[in-house]
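Chemist: Right, I'll just put the structure down here and ask away after.
The values are calculated or read from the model by the stated rules, or taken from the named source; none is laboratory data. As the structure is a prediction and not an experimental result, all values here were calculated from the model. Note: ideal-geometry Cβ built from the backbone for every residue, glycine included; neighbour counts use all protein chains shown. Surface areas here come from the heavy atoms of the whole protein model, side chains and all, with no ligands, DNA or RNA. Shrake-Rupley method; radii C 1.70, N 1.55, O 1.52, S 1.80 Å.
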Amino acid sequence: MNPISEKLQKCHEQVRQKTDFVPRVALILGSGLGGFADMLDAETIVNYSDIEGFPVSTVAGHAGRFIFGTLEGVPVAVMQGRVHYYEGYSMSDVVLPVRLMGLLGAKTLLLTNAAGGINRSFSAGDLMLITGQISSFVPSPLIGLNPGKLGVRFPDMSEIYGNELRESVKSAAQRLGVPLREGVYVQTSGPNYESPEEIRMLGLLGADAVGMSTACEAIAANHMGMRVCGISCISNLAAGISPNPLTHQEVQDTADKTAPVFRALIKEVIKSI
Ligand code: HPA
C-alpha cells in the first residue's frame, strides 16, 4: 500500500476511535492565535502526541492539539499548533494534519499565519487576505506516491483561494470595521529569515508577504477538493524593509498584539461559512 495513505489512514482511525465529531470547517491557528480555541464550545480535545505517527511540533510553546467543537453552532476542527518543514519533517508529514481534517469531513480550510510584509505599503500589525500564493521555493507536498483516494496526480492550482470565500472574508472585515489588506503569500523553507536580497527578489516576483507555512497546506487541501481561505498577520516588515534585524520575539509580540482583532475576524468569517 502507499505509505502516505497508510499513515494517514492509521491516524484517521485513531482519531475516529476517540471521537465521531464531523467538522464543517478546519482552522489552523498561526502564531499568537492559540487563544482562539477558548472561544469554542469544545467537545473533544485530542493531543497530537496521542496519535501514533502524527507529526508533533518541536517549537517551544506550540501546544499541539486538535480541539473539536462548535463556534456559533458551526462544527469546527481547530489545530492549535502546526508543524513546519524547517523542523525536518517531510512535506507529506507537514500536510498530514490538513488531509486528516479533510477526511474527518471538513469542506473548508481556514489558514492563518504570521508573515513578513514585503509590500512597502504594509505595516506591522496589518491583516492580509491571501489572494494567491507562490510555493516554488519549497517542495510540493504532493511529491511521492499519490494518495489516489484524495485527488488526482496532476491537480489544477488555478484558483486555490476561491473568490466566494475571499468575498466572505472581506464582508466579515467590513462588518467589523477591520482594515484588511490583500496580497500574494510566498512560502520559504525557513528557519532562517530571508536576506534583504531575497526579499527584493520575492517582491519582484509578485509576493506581498512571506512566511514558512500555509502554501503547502493550501496545495494539499486544494488537491483533495477542500475550499481554502488564508489570512496573514503581518508581524514584521521583511528583511531589508525593516530597519532592524528580525527576531522571533518581534514576530510573536506583534502577533500577540494583533490577536484580539484577528480572533474577532476569524469568528465572524466562520459564522458566515
Ligand atoms: N519571513 C519569513 N517568515 C516569517 C516572517 C518573515 O519575515 N515573519 C513571520 N514569519
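Chemist: So E197 clears everything in (1) over 21 Å from S92 (Cα atoms); (2) surrounded by 12 or more Cβ atoms within 10 Å (Cβ to Cβ); (3) within 15 Å of the ligand (Cβ to nearest atom) except one condition, right? Which one?
Modeler: (2)
Chemist: Quick check, is F137 within 16 Å of the ligand (Cβ to nearest atom), in contact with a strand residue (DSSP E or B) (Cβ under 6 Å, 6 or more places away or on another chain) and part of a loop (DSSP other than H, G, I, E, B)?
Modeler: Numbers: within 16 Å of the ligand (Cβ to nearest atom): yes; in contact with a strand residue (DSSP E or B) (Cβ under 6 Å, 6 or more places away or on another chain): no; part of a loop (DSSP other than H, G, I, E, B): yes.
Spelling it out, it is not the case that F137 is within 16 Å of the ligand (Cβ to nearest atom), in contact with a strand residue (DSSP E or B) (Cβ under 6 Å, 6 or more places away or on another chain) and part of a loop (DSSP other than H, G, I, E, B).
Chemist: What are the pairs, 6+ residues apart or on separate chains, where a residue within the stretch 179-190 that is more than 14 Å from the ligand (Cβ to nearest atom) has its Cβ under 7 Å from a residue that is at pLDDT 95 or above and open to solvent by 50 Å² or more (accessible area, probe 1.4 Å)?
Modeler: Taking only residues 6 or more apart or on different chains, the pairs are L180/K170.
Chemist: Scan I45, I4 and give me the residue that is buried (at least 19 other Cβ atoms within 10 Å of the Cβ) and among the aliphatic types (A, V, I, L, M). Before the answer, list the steps.
Modeler: Values: I45 fails: buried (at least 19 other Cβ atoms within 10 Å of the Cβ).
Criteria check complete, one pass: I4.
Chemist: A follow-up question, please. F21 versus (1) open to solvent by 80 Å² or more (accessible area, probe 1.4 Å); (2) in a loop (DSSP other than H, G, I, E, B); (3) not acidic (D, E): which is the lone unmet condition?
Modeler: F21 satisfies all of (1) open to solvent by 80 Å² or more (accessible area, probe 1.4 Å); (2) in a loop (DSSP other than H, G, I, E, B); (3) not acidic (D, E) except (1).
Table: residues versus (1) within 14 Å of the ligand (Cβ to nearest atom); (2) in contact (Cβ under 8 Å) with a residue 60 or more places away in the chain.
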| residue | (1), (2) |
| --- | --- |
| Y85 | yes, yes |
| G88 | no, no |
| M91 | no, yes |
| V98 | no, yes |
| G117 | yes, yes |
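Chemist: Among strands (runs of 3 or more DSSP E) lying entirely in the stretch 52-119, which contain 2 or more residues that are open to solvent by 20 Å² or more (accessible area, probe 1.4 Å)?
Modeler: 65-71, 74-80
Chemist: Also, quick follow-up: Report whether or not V152 is farther than 27 Å from V261 by Cα and of a type in the set (A, V, I, L, M, F, W, C). Can you show your working first?
Modeler: On the way: farther than 27 Å from V261 by Cα: yes; of a type in the set (A, V, I, L, M, F, W, C): yes.
Spelling it out, V152 is indeed farther than 27 Å from V261 by Cα and of a type in the set (A, V, I, L, M, F, W, C).
Chemist: Look at S123 and say whether it is in contact (Cβ under 8 Å) with a residue 24 or more places away in the chain, under 22 Å from Q252 (Cβ atoms) and within 16 Å of the ligand (Cβ to nearest atom). Give the steps one after another, and end with the answer.
Modeler: On the way: in contact (Cβ under 8 Å) with a residue 24 or more places away in the chain: yes; under 22 Å from Q252 (Cβ atoms): yes; within 16 Å of the ligand (Cβ to nearest atom): yes.
Judged against the criteria, S123 is a match.
Chemist: Filter the stretch 140-191 for residues that are farther than 12 Å from I130 by Cβ, surrounded by 15 or more Cβ atoms within 10 Å (Cβ to Cβ), of a type in the set (S, T, N, Q) and at pLDDT 95 or above and give the result.
Modeler: Residues satisfying the conditions are S140, S168, T188.
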